[in-house]
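Here is the structure we will look at, set down as structure tokens.
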Amino acid sequence: MLLPLPFSMKISVIGTGYVGLVTGACLANIGNDVICVDIDDERISNLRRGVIPFYEPGLRELVEQNAAQKRLMFTTDSQLAIENSDVVFIAVGTPSDGNGKADTAAVFQVADTIARFINGKKIVVVKSTVPVGTCAKIKERLSAQIKGRFGFDVVSNPEFLREGEAIQDFMVPDRIVIGADNGEAAQKIVALYKAIERTGRPIVVTDLQTAELVKYASNAMLAARISFMNELSHLCEKVDADVKAVARGIGLDSRIGSRFLQAGAGFGGSCFPKDVRALAQIMKEHNLPSDMLDAVESVNTRQKLSIVPKVMKLVPDLKGKRIAVWGLSFKPKTDDMREAASIAIINELQKLGANIAAFDPVAEISARKIFEGISYAETPLGALEGAHALVIVTEWDLFRELDKAKMKELMAAPNIVDARNIYDPKDFREIGFSYVGVGR
Ligand code: UDX
């Protein structure tokens, strides 16, 4: 019979990126004592001053509140954190290496650090997205170094946080997945999430490899839906069907559901591209065909570039022409530019001689590190001055209610490529715009 755990646990979270920082702040917010660790001391000193290293709605306030109540602290000292916690979350990045494989070096470095400073029983929780079988390898590596001096468990607890909605996704998740090779460790982490489970959120408890695979399979399935609709959008254009109406028509089938069926400029971000590639690599490593996953990726790559011919349909010779681009981040409500569709699109337009005037509400700082030779407007309308076409690449809400007549007045030619289908074509066509969408 497990003794009821104290309400609050002592937790450290190694890695203060999109996942680690949200996890740390939310676990503190449900009553735990949390120490967040990073090797980047500038990031840690900023966090101590309440400066968040990326844009995530609501995170600054959450960090401030919990740091003020001394339930959340930041340090570069892994030893201090590990020695003063019962549960250690590994939340460091696992980027794609050259050929799409997940690079887990940082994860194993953290495991070695835990082995070095372990001073009592610990539960090591792997929140980073790792290839199937990694948790078992971490367990072996820890055993080889700890040599029985202290007890420990390894638990898989993958994250399902969407950027821009990360706090909501943590506090009100569709599900919590916990993988473990023994019931006691699983139950301790189930207890940690009690405050969230109480709101009726299901917890799936399974083995390590199944939990690791659920993460990849979720992202791959979501990405597959997007590539499916993107591929279908080209047929819609040929037969003059409306891909948004197709999405609505199929989405009403309860077995399909209506979300993640929006055709557009393709998916980006730090997860879908990386996880689809990583899962395909895992299949290959087991000598299994990965046709579906390879297709999800190749359709997506093609989809991003398919926006450029749409611009050329309206502006056949791009040399020296000014093209306005609205939205640079990979999706709204984030400043994250990782694998953003805007990168492929702008690079291609520049190759064809276009001058780019870009606007993004928050990602300009990130974008300046990526693009060469583009200008940045202060406002959406500012980007339109003298533009021969407007391309909407990221569907920020602020683009939805702008004065169409003013837009037309500012532009050198009333051309619009709506790569996220945010507008109704007739609203623009009836005032003289040439409008091209995706699958419409
Ligand atoms: C995703 C998963 O949703 C999340 O559960 C996981 O933990 C991390 O990866 P995120 O990458 O932040 O989250 O963004 P998401 O909102 O899922 O969108 C991913 C990409 O798909 C974006 O580029 C978005 O523009 C695109 N997308 C999304 C579409 O093109 N069509 C859609 O219908 C939905």
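The values are calculated or read from the model by the stated rules, or taken from the named source; none is laboratory data. Everything quoted here is computed from the prediction, not taken from an experiment. Ideal geometry is used to build each Cβ from the backbone, glycine not excepted, and the neighbour counts take in all protein chains shown. For accessibility, only protein heavy atoms count, side chains too; no ligands or nucleic acids. Shrake-Rupley method; radii C 1.70, N 1.55, O 1.52, S 1.80 Å.
Here are the numbers for the structure shown:
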{"quantity": "Where trypsin sites (Lys or Arg not before Pro) fall in DSSP loop in the range 1-71, at most 13 other Cβ within 10 Å", "calculated": "Arg49, Lys70"}
{"quantity": "Taking the C-alpha atoms of the range 276-431, convex hull volume expressed per residue in Å³", "calculated": "123 Å³"}
{"quantity": "Table column - 3J(HN,Hα) (Hz), the range 97-104, Karplus curve with 6.51, -1.76, 1.60, x for Gly and Pro", "calculated": "8, x, 10, x, 6, 6, 8, 9"}
{"quantity": "Spatial separation of Cα centroids for the range 313-380 and the range 155-209, in angstrom", "calculated": "38 Å"}
{"quantity": "As computed over the chain, the Cα convex hull volume per residue (Å³)", "calculated": "156 Å³"}
{"quantity": "Fraction of beta bridges assigned by DSSP in the chain that are antiparallel (%, nearest 5)", "calculated": "5 percent"}
{"quantity": "Mean projection area, nm², convex hull over Cα of the range 184-300", "calculated": "9.8 nm²"}
{"quantity": "Cα-based helix-to-principal-axis angle, 291-305 vs the chain, degrees rounded to 10", "calculated": "50 degrees"}
{"quantity": "If the convex hull is drawn through the Cα atoms of the range 105-160, its volume per residue in Å³", "calculated": "72 Å³"}
{"quantity": "Rg to Rh quotient for the range 124-202, alpha carbon positions, Kirkwood Rh", "calculated": "1.03"}
{"quantity": "1.4 Å probe accessible area per residue over the chain, in Å²", "calculated": "44 Å²"}
{"quantity": "In sequence order, calculated HN-Hα J values of the range 353-364 (Karplus, 6.51, -1.76, 1.60; Hz; x Gly/Pro)", "calculated": "x, 6, 9, 9, 10, 10, 9, 9, x, 9, 8, 4"}
{"quantity": "Amide hydrogen neighbours beyond the local backbone of Ile356, cut-off 5 Å, H modeled", "calculated": "Ile323, Ser375"}
{"quantity": "The chain, relative contact order [Cα under 8 Å, separation at least 6], %", "calculated": "12 percent"}
{"quantity": "Under the Debye formula (equal points on every Cα, no solvent term), log10 I(q)/I(0) of the range 238-364 at q = 0.20 Å⁻¹", "calculated": "-1.22"}
{"quantity": "Using distinct alpha-carbon pairs, which all enter the 1/r mean, Kirkwood radius of the range 1-155 in Å", "calculated": "15.9 Å"}
{"quantity": "Above-threshold pairs, the threshold being 18 Å between Cα atoms, out of Lys304/Lys406; Lys139/Lys274; Lys139/Lys194; Lys244/Lys426; Lys127/Lys274; Lys101/Lys215", "calculated": "Lys304/Lys406; Lys139/Lys274; Lys139/Lys194"}
{"quantity": "Portion, in percent, of the accessible area of the range 86-151 that falls on carbon or sulfur, probe 1.4 Å", "calculated": "52 percent"}
{"quantity": "Surrounding net charge for Thr76, when Lys and Arg each add one and Asp and Glu each subtract one, Cβ distance under 11 Å", "calculated": "-3"}
{"quantity": "Cα-based helix-to-principal-axis angle, 59-68 vs the chain, degrees rounded to 10", "calculated": "30 degrees"}
{"quantity": "For the range 362-440, alpha-carbon Rg relative to the globular expectation (2.2 N^0.38 Å, N residues)", "calculated": "1.12"}
{"quantity": "Acute angle (nearest 10 degrees) that the helix 183-192 long axis makes with the longest principal axis of the chain, alpha-carbon atoms", "calculated": "60 degrees"}
